[in-house]
Amino acid sequence: RQGLQRFIELPFGRRVIEEKFDLLATLSDRETLRRHPQGSLAEAYLQFVESENLSADGLVEASESESDSYDNAWLQRYGLRLRDQHDLWHTTTGYGRDELGELCLLAFTYAQTRNRGIGFIVLVGMLKMRKALGNGVFKAVRDGFRDGRRAAWLPGQNWEALLQRPLADVRAELNIGKPQTYQLIRQQAVAV
């Protein structure tokens, strides 16, 4: 509810809610996404979802019952838009879909949304993953949280417009750096 309030205080956010923008439809239209310039966020997003064999609709399937839990239409639209941004956040932050990448992205997401459920998942995930990957997990997750705090507020972004722009420019504008600790741990895991 606090996120929705912050969102509708933005002129773009209010338009999204009132005019029922559909980010899922935008992300599902791969032919249109393919027509975006080389180096764009759209191109990087397509590379990410296609390399991982994902679709925007897959997020819908994974959260089918979620949309029934909202008690008003505006909150539902906001919640669904957040859900639909998930793979865009993977693309812009550089966190992969491996367990550590998902955990770091959840830490980033917690910093952005302050959703306590997500925070709890991050805590439990860190403790479990530490056994497999060691204490570097704590640093990677802490960095994800820190980076989420430093970044622009991603739920309020006009992703439809950002898709057209160079990924490097989007990252700079949103103050998103490279996830160095995460990448180092991934490189070490691959080398073993």
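The values are calculated or read from the model by the stated rules, or taken from the named source; none is laboratory data. Predicted model, so just to flag it, every value in this text is computed and none were measured. Because the Cβ atoms are built from the backbone with ideal geometry, glycine has one as well, and the counts that use them run over all protein chains shown. Accessible surface is based on the protein model in full, side chains and every heavy atom, while ligands, DNA and RNA are left aside. Shrake-Rupley method; radii C 1.70, N 1.55, O 1.52, S 1.80 Å.
Does L24 fit the bill of being surrounded by 15 or more Cβ atoms within 10 Å (Cβ to Cβ) and modelled with pLDDT under 95?
no
If we keep just the residues of the stretch 147-192 that are farther than 19 Å from F108 by Cβ, in a loop (DSSP other than H, G, I, E, B) and open to solvent by 50 Å² or more (accessible area, probe 1.4 Å), which is modelled with the lowest pLDDT?
Step by step, filter the stretch 147-192, then rank; the result is V192.
Can you spot a residue in the stretch 101-112 that is modelled with pLDDT under 90 and either assigned to a loop (DSSP other than H, G, I, E, B) or crowded, with 18+ Cβ neighbours inside 10 Å (or both)?
Within the stretch 101-112 (the criterion being modelled with pLDDT under 90 and either assigned to a loop (DSSP other than H, G, I, E, B) or crowded, with 18+ Cβ neighbours inside 10 Å (or both)), the answer is no, since none of the residues qualifies.
Just need a number here: residues in the stretch 6-58 that are more than 19 Å from N158 (Cβ to Cβ) and of a type in the set (K, R).
2
Are there any pairs, at least 6 apart or on different chains, whose C-beta atoms fall under 7 Å, with the first in the stretch 36-50 and assigned to a helix (DSSP H, G or I) and the second open to solvent by 40 Å² or more (accessible area, probe 1.4 Å), and if so, which?
Note: pairs meeting the criteria are L41/R165; A42/H36; A42/Q164; E43/H36; L46/R30; L46/R34; V49/S55.
Which one of L127, L75 is farther than 25 Å from R6 by Cα and in a helix (DSSP H, G or I)?
Going through L127, L75 in turn, the sole match is L127.
Give me a count of the residues in the stretch 8-25 that are part of a helix (DSSP H, G or I) and over 16 Å from the mean Cα position of the chain (by Cα).
Residues flagged as part of a helix (DSSP H, G or I) and over 16 Å from the mean Cα position of the chain (by Cα) within the stretch 8-25 amount to 12.
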